[in-house]
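Working notes for the structure below.
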Amino acid sequence: MCLGCTLHITTQLINMENASSVKEFILLGVSENQAVQKICFVMFLFFYMVIVAGNLLIVITVISSQCLNSPMYFFLCYLSFVDICYSSVTAPKMIANFLVENKTISFVGCIAQLFGVHFFGCTEIFILTVMAYDRYVAICRPLHYTTLMTRRVCGWMVIGSWVGGFVHSTVQTLLTTQLPFCGPNKIDHYFCDVHPLLQLACTNTYAVGIIVVANSGMITLSCFFILVMSYVVILVSLKSQTSKGWHKALSTCGSHITVVILFFGPCMFIYIRPSSNLSEDKSVAVFYTVITPMLNPLIYALRNKEVKSAMRKLWSRKVGSEDGKV
């Protein structure tokens with residue numbers, strides 16, 4: 001019995017030592033082909049510049065313009081800010097790795113990246129859901145819109161989105177950091193995520209994998225269900241509207257529906273099932289970490305007359321002030 005206890009304690013000590021033996025991970029990236037990496041460097045650098053510039057322009061436009069003071073633009077401002085943060089967690093490291101041979105990331109850096117990806121990603125899911133509710137109230141209950149969607153209520157919705165993202169990310173991160181990592185340390189991805197790290201753990205991760213999928217899947221599917229139901233109710237309510245009212249309602253919802261499809265589609269593919277093909281996963285992940293944040297400003301700006309008008313006024317005011325100085 002004592003010998004068994006001694007062996008058990010020794011095993012636990014060895015596991016603890018092994019758990020801290022990996023000090024860094026190697027990110028294999030999008031491709032290991034040198035020629036492809038050079039093309040990807042130029043392409044993704046351009047994408048990231050568009051993400052930052054486009055979303056920052058929307059943030060500045062909404063903050064500076066008095067005509068964009070409705071809840072819809074209040075949420076859009078935060079969505080653009082989250083998109084900048086979300087892409088900045090993964091894109092700079094991915095872009096830098098295209099130019100270096102040693103594509104390493106420290107253990108702490110890897111866990112921080114994991115936390116950031118799930119924090120900002122989950123926050124974006126909640127903000128998109130809140131935006132769908134805003135459109136539902138605006139179209140289906142227009143007479144109560146100003147009383148239901150007050151500035152205070154909108155503020156609490158945004159705070160709730162941030163808190164929800166933080167709780168979700170904390171759960172995912174804590175589950176991952178409790179696992180022992182004793183080698184190998186090569187991650188077949190361009191950023192640190194739960195599924196690639198689970199495959200590197202030196203223990204059976206089946207139970208943790210189920211919890212991770214349940215956590216991500218519950219949030220993604222429940223929010224997607226709310227989004228779908230919101231737009232089903234909106235479409236049903238539009239039957240009694242005139243063609244002009246129908247067109248106006250669809251024009252305000254069209255941009256949001258497009259963004260939801262682009263973001264939720266890849267997310268559900270990755271996070272509501274156990275991962276079996278990391279090469280496939282990282283290709284899909286490009287859509288929700290880079291492509292969607294890049295397209296969001298284009299979708300909302302190009303399809304929205306008020307945003308385009310506010311941007312033109314902001315630009316003319318900026319040019320006018322510079323001419324006055326000259």
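Could you give the length gained by full extension between residue 163 and residue 177, i.e. 0.36 nm per residue of separation minus their alpha carbon distance, to one decimal place? Provide the component values of the computation, followed by the final result.
Working: separation 14, 0.36 × 14 = 5.04 nm, distance 2.08 nm.
Length difference between fully extended and current span is 3.0 nm.
Quick one: which of 93/308; 103/186; 239/308 span more than 21 angstrom between C-alpha atoms? List each step's numbers first, then the result.
Numbers: 93/308 33 Å; 103/186 10 Å; 239/308 29 Å.
From the list (93/308; 103/186; 239/308), the Cα-Cα distance tops 21 Å for 93/308; 239/308.
Name the long-range amide H neighbours of residue 186: under 5 Å, sequence gap of 5 or more, or other chain; modelled H, no Pro or chain starts.
26
Relative to the present Cα-Cα distance, how much length would full extension add between residue 306 and residue 204 at 0.36 nm per residue of separation?
Numbers: separation 102, 0.36 × 102 = 36.72 nm, distance 5.39 nm.
31.3 nm is the gain from fully extending residue 306 to residue 204.
Give me P(r) over segment 66-105, computed from all C-alpha to C-alpha distances, binned every 5 Å, as integer percentages.
Once binned at 5 Å, the Cα pair distances of segment 66-105 give 6, 20, 17, 13, 11, 10, 8, 7, 6, 3.
Just the number, please: carbon plus sulfur as a percent of the accessible area of segment 57-165, 1.4 Å probe, no ligands or DNA/RNA counted. Intermediate results must be reported in sequence, preceding the final value.
Working: 3090 of 4530 Å².
So the carbon and sulfur contribution to the accessible surface is 68 percent.
So if each residue of separation counts as 0.36 nm, and I subtract the Cα-Cα distance between residue 313 and residue 237, what length gain in nm does that give? Please list the in-between numbers first.
Numbers: separation 76, 0.36 × 76 = 27.36 nm, distance 3.49 nm.
Gain in length upon complete extension: 23.9 nm.
What does the accessible area per residue of segment 46-138 come to in Å², with a 1.4 Å probe and no ligands, DNA or RNA counted?
Numbers: 3350 Å² over 93 residues.
Heavy-atom SASA per residue in segment 46-138 reads 36 Å².
The values are calculated or read from the model by the stated rules, or taken from the named source; none is laboratory data. The structure presented is a predicted model; accordingly, all values stated were derived computationally and were not measured. Heads up: the accessible areas ignore ligands, DNA and RNA and are worked out on the full protein's heavy atoms, side chains in. Shrake-Rupley method; radii C 1.70, N 1.55, O 1.52, S 1.80 Å.
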